[in-house]
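Written below as structure tokens is the structure these notes are about.
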Ligand SMILES: NC(=O)c1ccc[n+]([C@@H]2O[C@H](COP(=O)([O-])OP(=O)(O)OC[C@H]3O[C@@H](n4cnc5c(N)ncnc54)[C@H](OP(=O)(O)O)[C@@H]3O)[C@@H](O)[C@H]2O)c1
């Protein structure tokens, strides 16, 4: 099952899995886009592709999604928690609802879906979880502080669960993309990020392939692109007290 499969990295993850013969449950809010992708993948690869529209900002979404997947007849052996969004701007700008919705989708829904589907995987003797975090997970992000914090949570939870689930035969992989050209930037109100054009960043398909391969190999943390890996390495060697100011400068240069 791929959450956030209606576009961007999620749709490309679905295409990568379909290429490898996986049957798919596709979920997001945009039913039309999900149906079009399901038709494309059925025709191209002859897989079973089921669509379950769901709003994960609704706290009842994850449970409803689990119930709906039971009706598809497809057991979830691989859960891809990809749905997520960001918001550019200082903490007190914008609506509180949007920030709380971000925490609900990026953090709460991902946690609940991991719990619900891992329990079923453990009962079947194993499975795989691919959680989509970000290179934002490795440092605080003034100017986009809530988003960065949600992704730090995803990375921390995933690395913790990876150890806990080992004996149950469930691998947990965290995909940490850097800036990737998708609908994300527009949704987050980021304008045209210089980072997207200045740095040799991998595209959504490449990011998806990297993540799927890492998940199928049972890898831990997967950072696509050498520039992103270098930046994350740089963060490790940068004193924590100057890091937030550095990030703030980069964030402000984005609009
Ligand atoms: N693009 C980047 O630069 C970048 C970098 C690092 C990490 N990421 C992460 O990669 C993941 C995918 O993002 P993307 O870049 O592919 O952005 P995107 O093109 O905007 O896709 C986001 C996906 O999440 C779904 N989604 C958003 N809100 C939802 C909700 N309330 N309920 C259910 N689904 C919802 C969207 O579907 P609907 O709108 O149809 O619901 C869409 O399918 C996110 O977790 C993001 O944080 C992105």
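Observations, loosely collected:
- Flag for residue 37 being buried (at least 17 other Cβ atoms within 10 Å of the Cβ), within 14 Å of the ligand (Cβ to nearest atom), under 25 Å from residue 210 (Cβ atoms) and in contact (Cβ under 8 Å) with a residue 12 or more places away in the chain: yes
Results for (1) more than 12 Å from the ligand (Cβ to nearest atom); (2) closer than 27 Å to residue 24 by Cβ; (3) under 17 Å from the mean Cα position of the chain (by Cα), shown as yes or no for each residue.
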residue: 156; (1), (2), (3): yes, no, yes
residue: 173; (1), (2), (3): yes, yes, yes
residue: 211; (1), (2), (3): no, yes, yes
residue: 229; (1), (2), (3): yes, no, no
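- Of all residues in the stretch 201-220, those being assigned to a loop (DSSP other than H, G, I, E, B) and closer than 14 Å to residue 132 by Cα number 2.
- Among residues that are free of Cβ contacts under 8 Å to residues at least 12 places away in the same chain and under 29 Å from residue 186 (Cα atoms), residue 11 is not included.
- From 133, 137, residue being within 13 Å of the ligand (Cβ to nearest atom) and in contact with a strand residue (DSSP E or B) (Cβ under 7 Å, 6 or more places away or on another chain): 133
- Search result, residues across the stretch 1-30 that are closer than 20 Å to residue 85 by Cα and outside any helix (DSSP H, G or I): 1, 2, 3, 4, 5, 6, 7, 26, 27, 28, 29, 30
- Scan of the stretch 99-117 for residues that are out of contact with any helix residue (DSSP H, G or I) (no Cβ under 7 Å at 6 or more places or on another chain) and within 9 Å of the ligand (Cβ to nearest atom), ordered by number: 101, 104, 105
- Taking the listed residues 84, 61, the one that is touching a helix residue (DSSP H, G or I) at 6+ places or on another chain (Cβ under 7 Å), surrounded by 13 or more Cβ atoms within 10 Å (Cβ to Cβ), within 21 Å of residue 179 (Cβ to Cβ) and at pLDDT 95 or above is 84, with no other qualifying.
The values are calculated or read from the model by the stated rules, or taken from the named source; none is laboratory data. Small disclaimer: the values here were computed from a predicted structure and weren't measured. All Cβ positions, glycine included, derive from the backbone under ideal geometry; neighbour counts span all protein chains shown.
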